[in-house]
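Here's the structure we're looking at; comments come further down.
The values are calculated or read from the model by the stated rules, or taken from the named source; none is laboratory data. Bear in mind that the values here come from a model prediction, so they are computed numbers and not experimental data. Glycine gets a Cβ as well: all are built from the backbone with ideal geometry, and neighbour counts include every protein chain shown.
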Amino acid sequence: MGRAHSRALGVTALIYCPFPDSETAETIGGVLLDEGLIGCINIGAPIRSLFIWDGKKGDGTEIPGLLKTDAALLEKAVARLEGLHPYDAPAILGWRCDVAGTATQAWLGAIGASSGD
């Protein structure tokens, strides 16, 4: 089994974002994959969201998405996701990972390298 390395090969990053439905998540994920901004999107099962929006309490069903990318592409991927997302103010959270498996770092690092960043 491979060992996890901290920043040995590069830094991976994750983005979390809820979508209104699985079709939207798949479409946007496909665009980001085609543009080389992410290496993967995990599209989850429906979740219930409780929230405050425009000063009012609301609830709804959303589809969670976890996107994997290279840290060098994190800002670009978040900006592009925000531009493609149908919500007025989508909740998009991105962060750099402190530790990732060697194979994961190599895979996602190759995406960053091929983008020219």
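For the range 101-108, does any single residue satisfy the condition of being in a strand (DSSP E or B) and polar (S, T, N, Q)?
no
Looking at this structure, is T61 touching a strand residue (DSSP E or B) at 6+ places or on another chain (Cβ under 7 Å) and touching a residue at least 12 places away in the same chain (Cβ under 8 Å)?
yes
With respect to L50, is the statement that it is farther than 15 Å from I15 by Cβ and outside any loop (DSSP other than H, G, I, E, B) true?
Criteria met by L50.
Of the conditions (1) modelled with pLDDT under 95; (2) under 13 Å from the mean Cα position of the chain (by Cα); (3) of a type in the set (A, V, I, L, M, F, W, C); (4) more than 19 Å from D34 (Cβ to Cβ), A106 clears all except one; give me its number.
Here A106 clears every test but (2).
Every residue in the range 27-63 that is over 20 Å from L73 (Cβ atoms), among the acidic types (D, E) and surrounded by 13 or more Cβ atoms within 10 Å (Cβ to Cβ), please. Write out each step before concluding.
Going residue by residue through the range 27-63, those that are over 20 Å from L73 (Cβ atoms) are 44-63.
Filter again for among the acidic types (D, E), leaving 54, 59, 62.
The answer is E62, and nothing else.
Restricted to the range 1-26, and to residues that are modelled with pLDDT of 95 or more and part of a loop (DSSP other than H, G, I, E, B), which residue is surrounded by the fewest Cβ atoms within 10 Å (Cβ to Cβ)?
Ranking the qualifying residues of the range 1-26, first place goes to D21.
Of the residues that make up the range 71-78, is at least one within 18 Å of S114 (Cα to Cα), touching a helix residue (DSSP H, G or I) at 6+ places or on another chain (Cβ under 6 Å) and of a type outside the set (G, A, S)?
Yes, there is a match, as at least one residue in the range 71-78 is within 18 Å of S114 (Cα to Cα), touching a helix residue (DSSP H, G or I) at 6+ places or on another chain (Cβ under 6 Å) and of a type outside the set (G, A, S).
On the given criteria, is S49 of a type in the set (S, T, N, Q) and modelled with pLDDT under 95? Walk me through how you get there before you give the answer.
Working: of a type in the set (S, T, N, Q): yes; modelled with pLDDT under 95: no.
Criteria not met by S49.
Exactly one condition in (1) in contact with a Gly (Cβ under 7 Å, 6 or more places away or on another chain); (2) over 11 Å from I15 (Cβ atoms) is not met by A89; state its number.
The single condition A89 does not satisfy is (1).
Does L66 count as buried (at least 19 other Cβ atoms within 10 Å of the Cβ) and either touching an Asp or Glu at 6+ places or on another chain (Cβ under 9 Å) or in a strand (DSSP E or B) (or both)?
Numbers: buried (at least 19 other Cβ atoms within 10 Å of the Cβ): no; either touching an Asp or Glu at 6+ places or on another chain (Cβ under 9 Å) or in a strand (DSSP E or B) (or both): yes.
No.
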